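The values are calculated or read from the model by the stated rules, or taken from the named source; none is laboratory data. Worth saying up front: this structure is predicted, and the values here are computed from it rather than measured. Cβ: placed from backbone, ideal geometry, glycine included. Neighbour counts: every protein chain shown. Accessible surface is based on the protein model in full, side chains and every heavy atom, while ligands, DNA and RNA are left aside. Shrake-Rupley method; radii C 1.70, N 1.55, O 1.52, S 1.80 Å.
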Amino acid sequence: MAHSPVSLLLDFLFPPRCPLCRAYVETRGTLCAACRQMVLRPHRLALPPALAAIVHEAWAVAPYHEGLQPVIRALKYGRKRALLPAFHTLLAAGLPLLRADFAVPVPLHAARERERGFNQAEAIFHAYLAAQQIPILRALARTRPTPPLYGLAPHERKAALRGAFALAEPIAIRGRHILLIDDILTTGATLTACAHLLKKGGAARIDLLVLASDHA
C-alpha cells in the first residue's frame, strides 16, 4: 500500500514506535513483534457467576493490567485512533472463528460518545466482525450517564447501573445468537447488566468477546 507524501514525511521526522515499549516499528500504531508475542494470549474467560449464568461462551484476546491497559486507555481517554491497527492485527491473529447473528456493542451514553467521537467496542472489533460477516447491531442504549465503577463495592456497582440500559432493537434480537462485545472485562458489572437485558429481550444465545481481561 502506497504511503502519502505527508505520512512519509511524518515517519521520517517522527519514526513510528511501538505504543507499549517504544521500540521502532514499520507501521505507525502497531505493536512490535516482541510486544505482540507477549500480549497475544487468546483465551476463554472464567466469568463471574452472575455473568456465567447468562453467557454461553466468552473470549478475550489479551491480558489487561499486564498487557493492553495503557493502549486501551490511550484509545478511550486520549482518543488515539491511530492505535486501532494494533488491535485489528491482534484480533486477526489471535481469535478462533466465531459465529453469531449480530454483534452488539456495550453502548456509551450519547453525550459521552459525542465527546469521544466513537464507541470503542465498535472501533476495535469492526474489521474482525466484517471479516467474519457478523453485522454490528446497536441493540442496546445507555439511558443515562454512569459513574466510573472501579473502587465501588458490588452492591454500589449494581445500584449505579440500575436502569442505565434499555433495549433499542427488541424485535431484532428475539431468538437470535448475539455476540456481546466490549473493550475490557474487569468486574463484569456492566456486561452482566447488558447480557441480562439481552436475555430478557429474548436472545436465544449470548456469547461474549472482549479485547482484554485478567479473568482466566
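The modelled label-to-label distance between H65 and A92, using points 7 Å beyond Cα along the C-beta direction, is 3.3 nm. Computed from backbone phi with θ = phi - 60° and the Karplus coefficients 6.51, -1.76 and 1.60, the 3J(HN,Hα) list for segment 66-77 is 10, x, 9, 3, x, 7, 5, 5, 5, 5, 6, 9 Hz; x is used for glycine and proline. Around the amide H of R17, modelled in the peptide plane, lie the amide H atoms of V25, G29, all under 5 Å away and 5 or more residues distant in sequence or on another chain. Estimated at the nearest 10 Å², the accessible area of C32 is 20 Å² with a 1.4 Å probe. Each residue of segment 86-97 was assigned a 3J(HN,Hα) from its phi angle through the Karplus curve 6.51 cos²θ - 1.76 cosθ + 1.60 (θ = phi - 60°); the sequence is 5, 5, 4, 5, 4, 5, 5, 8, x, 9, x, 5 Hz, with glycine and proline shown as x.
A dipole drawn for the chain from +1 and -1 charges on Cβ atoms has a positive end, and of L208, P154, A34 the residue lying farthest that way is P154.
Which percent of the accessible heavy-atom area of the chain goes to carbon and sulfur, probe 1.4 angstrom?
58
Dividing the mean sequence gap of close Cα pairs (under 8 Å, 6+ apart) by how many residues the chain holds gives a relative contact order of 24 percent. Within straight-line reach of K76, meaning a Cα separation under 26 Å, sit the following lysines at least 8 residues removed in sequence or on another chain: K158. Looking at segment 15-58, the trypsin sites (Lys or Arg not before Pro) that sit in a DSSP loop and have at most 10 other Cβ atoms within 10 Å of their own Cβ are R22.
Charged side chains reduced to their Cβ positions (Lys and Arg at +1, Asp and Glu at -1) give the chain a dipole of some 440 debye around its Cα centre. Karplus-derived 3J(HN,Hα) values for segment 37-49, using 6.51 cos²θ - 1.76 cosθ + 1.60 with θ = phi - 60°, are 5, 5, 8, 6, 9, x, 7, 6, 9, 8, 8, x, x Hz; glycine and proline are entered as x. Heavy-atom accessible area for V25, with the other protein chains in place and a 1.4 Å probe, reaches approximately 20 Å². For the chain, just say rounded, prolate or oblate: build the C-alpha gyration tensor, square-root its eigenvalues into a ≥ b ≥ c, call rounded for a/c under 1.5, and beyond that prolate if a/b exceeds b/c, oblate if not. Prolate is the answer for the chain, as a/c is 1.5 or above and a/b outweighs b/c.
Taking square-rooted eigenvalues a ≥ b ≥ c of the alpha carbon gyration tensor, is segment 75-190 rounded, prolate or oblate, where a/c under 1.5 means rounded and, failing that, a/b exceeding b/c means prolate?
oblate
Between I72, A166, H196, the Cα set farthest toward the positive side of the dipole of the chain (charges on each charged residue's Cβ, about the Cα centre) is that of A166. Only DSSP H runs of four or more residues enter the estimate; each adds -39500 (n - 2.57), and after division by the residues of the chain the mean residue ellipticity at 222 nm equals -10500 deg cm²/dmol. Taking a ≥ b ≥ c as the square roots of the eigenvalues of the Cα gyration tensor of segment 147-216, is the shape rounded (a/c under 1.5), prolate (a/b larger than b/c) or oblate? Oblate shape, in that a/c is at least 1.5 and b/c is the bigger or equal ratio. For A58, the residues whose modelled amide H falls within less than 5 Å of its own, excluding neighbours fewer than 5 places apart on the same chain, are L45, L208.
Near L149, no amide H atom lies under 5 Å from its own; only residues 5 or more places off or on other chains count, and H is placed 1.01 Å from N. Cα centroids of segment 79-127 and segment 159-202: 16 Å apart.
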